[in-house]
1. With respect to residue B:16, determine if the residue is among the β-branched types (Val, Ile, Thr), more than 14 Å from every other protein chain (Cβ to nearest Cβ) and surrounded by 16 or more Cβ atoms within 10 Å (Cβ to Cβ).
2. Within the range A:124-136, track down each residue that is out of contact with any Leu (no Cβ under 6 Å at 6 or more places or on another chain), under 30 Å from residue A:323 (Cβ atoms) and surrounded by fewer than 18 Cβ atoms within 10 Å (Cβ to Cβ).
3. How many residues does the range A:364-374 hold that are of a type outside the set (A, V, I, L, M, F, W, C) and surrounded by 24 or more Cβ atoms within 10 Å (Cβ to Cβ)?
4. Determine whether the range A:87-104 contains at least one residue that is farther than 30 Å from residue A:143 by Cβ, within 14 Å of chain B (Cβ to nearest Cβ), part of a helix (DSSP H, G or I) and of a type in the set (D, E, K, R).
5. Do the conditions hold for residue A:256, that is, is it more than 9 Å from chain B (Cβ to nearest Cβ) and among the charged types (D, E, K, R)?
6. Give A:62, A:33, A:84, A:75 a once-over and let me know the one that is farther than 20 Å from residue B:69 by Cα and in contact with a strand residue (DSSP E or B) (Cβ under 9 Å, 6 or more places away or on another chain).
7. Let me confirm something: among A:310, A:326, which residue is among the β-branched types (Val, Ile, Thr), free of Cβ contacts under 8 Å to residues at least 40 places away in the same chain and surrounded by fewer than 24 Cβ atoms within 10 Å (Cβ to Cβ)?
Amino acid sequence: MTDPPGSGGSGTARSCIYLDHGATSWPKPPEVVDAVVTAMTTCGANPGRGAYTMALAAARLVFESRRACADLLGVPDARDVAFVSGCTEACNLMLKGLLAPGDRVVVSSMEHNAISRPLHMLALAGVRVDIVRADATGTMDASDVERAVRAHATRAVICQHASNVTGAIQPIADMADIAHENGALLLVDGAQAAGHLDVDLVALDVDAYAVSGHKGLLGPQGVGLLYLRPGLDATELLQGGTGGGSSEEESQPQGRPERYEAGTPNTPGIAGLGAAARLLLEHGAEWRADEQRLFRRLKDGLRPIPGLTVFGPASDEPCVPTLTLVSDRIDADRIAFLLDRRYGIAVRSGLHCAPWAHRTIGTLDTGAVRFGVGHGTTSDDVATAVTALSELLA
Amino acid sequence: MTPEARRFVAYGFASVHDALAAESALKAAGVAATAIPSPRALGELCGIALRVDPAQSRAAEDALAACGLPPRASAEIDDI
């Protein structure tokens, strides 16, 4: 540590027990950092445009990163995976690119603003949005979704794969069956799942899946992915240069992945994400087991603390390693501040960009404190967090 | 340089991604291919094409067909 806990410190990262993995993973594996730096220092040319040696190196870097990401997500054809700026862009693209005025959608009550705000815009334009409420742990009941879908003609079922508030994992495969049996699409926000779960998009039978690169996937910020199943074409959000062999055409190329990648890509970010994907292909199972073990220890340590309410599935239920909590004595913002200043613990208070989810679990008016475990979290980190909460609430 | 080597076959693809996938497939099939700027003879002025020795064009086309990456266009071009 460079700063003692409670010093108010310089805010340097090394002084931090980082438990905000629900927002972004940190620290990044050295291989990811190296890939970003290498991309910037050795092949910083524009990928897919020129065909000189460095431009080709950049293009091959993007190509190999796309393949690694597709492999990680169980996607047979890497062309079905588009690089975007992040999960928010991916969600906007799948919603605005696939829905039109007059459509009706059924959506879970646990969605992040990356889903709920585009849906708000679409509702203003004439899309009917029907919300199905999750239970108190944030988990959706597929039979509730089925009833809602059968009530009226439905264009799409929209659901997160896992909650950024409670860690609940939603029954995506069941929802795919329900959607498809009723002629609807299943559109999934996978921000909290990719990397924390073993995701196989073909097995899940989703139609579209939005991915954050910088959370469980361990990549840099500023890059994400959108998967669209073969044959399902969304209207692109942006038109512009794609570098391929169709520059003379007035209209955006319709082939994948270029259709969804107008403009110069974030090559360093894509390089970092590709490196992260390769690491996860090799070590992901082991790292996920570690995360789950530490997360159960955290949850089991926090739940007995008097006056604390911990939201999320029971410790023996599957979940991603994220939970929120509230105290009956100290406001969430105060807990987060004191954890930072007294113990050097980084957690986030508030609504976590998910007011729908907080309304669902009953914390919309108070907010909550979120803890997220991830790659790099240690047993000592968890023990310190449990001790700190016990002391603060004693 | 032999007279044959002064000519080459250029293959164009639907996208840069496909061109690089084709490059990878040809390498796996033992066919030497070089990525080049798309030549005008392919009917496009941007993007990446693959250059193959005419003597290996049959093997290249077989390999590309086998992996589902048939060229969008091809042309035999005199080198300079």
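1. It is false that residue B:16 is among the β-branched types (Val, Ile, Thr), more than 14 Å from every other protein chain (Cβ to nearest Cβ) and surrounded by 16 or more Cβ atoms within 10 Å (Cβ to Cβ).
2. A:130, A:133, A:135, A:136
3. Going through the range A:364-374, the residues of a type outside the set (A, V, I, L, M, F, W, C) turn out to be A:365-367, A:370, A:372, A:374.
Now drop any that are not surrounded by 24 or more Cβ atoms within 10 Å (Cβ to Cβ), which leaves A:370, A:372, A:374.
Summing the residues that are of a type outside the set (A, V, I, L, M, F, W, C) and surrounded by 24 or more Cβ atoms within 10 Å (Cβ to Cβ) in the range A:364-374 gives 3.
4. No, the range A:87-104 contains no residue that is farther than 30 Å from residue A:143 by Cβ, within 14 Å of chain B (Cβ to nearest Cβ), part of a helix (DSSP H, G or I) and of a type in the set (D, E, K, R).
5. Criteria not met by residue A:256.
6. Exactly one of A:62, A:33, A:84, A:75 is farther than 20 Å from residue B:69 by Cα and in contact with a strand residue (DSSP E or B) (Cβ under 9 Å, 6 or more places away or on another chain), namely A:84.
7. On the way: A:326 fails: free of Cβ contacts under 8 Å to residues at least 40 places away in the same chain.
Being among the β-branched types (Val, Ile, Thr), free of Cβ contacts under 8 Å to residues at least 40 places away in the same chain and surrounded by fewer than 24 Cβ atoms within 10 Å (Cβ to Cβ) holds for just one of A:310, A:326, which is A:310.
Matching residues to (1) under 22 Å from residue A:360 (Cα atoms); (2) at pLDDT below 95; (3) in contact with a Phe, Trp or Tyr (Cβ under 7 Å, 6 or more places away or on another chain):
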residue	(1), (2), (3)
A:92	no, no, no
A:99	no, no, no
A:109	yes, no, yes
A:125	no, no, no
A:128	yes, no, no
A:141	yes, no, no
A:146	yes, no, no
A:152	no, no, no
A:178	no, no, no
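The values are calculated or read from the model by the stated rules, or taken from the named source; none is laboratory data. Since the model is a prediction, treat every value here as computed from it, not as a measurement. Using ideal geometry, Cβ is built from the backbone for each residue, glycine included, and neighbour counts are taken over all protein chains shown. All accessible areas refer to the heavy atoms of the entire protein, side chains included, with ligands and DNA or RNA removed. Shrake-Rupley method; radii C 1.70, N 1.55, O 1.52, S 1.80 Å.
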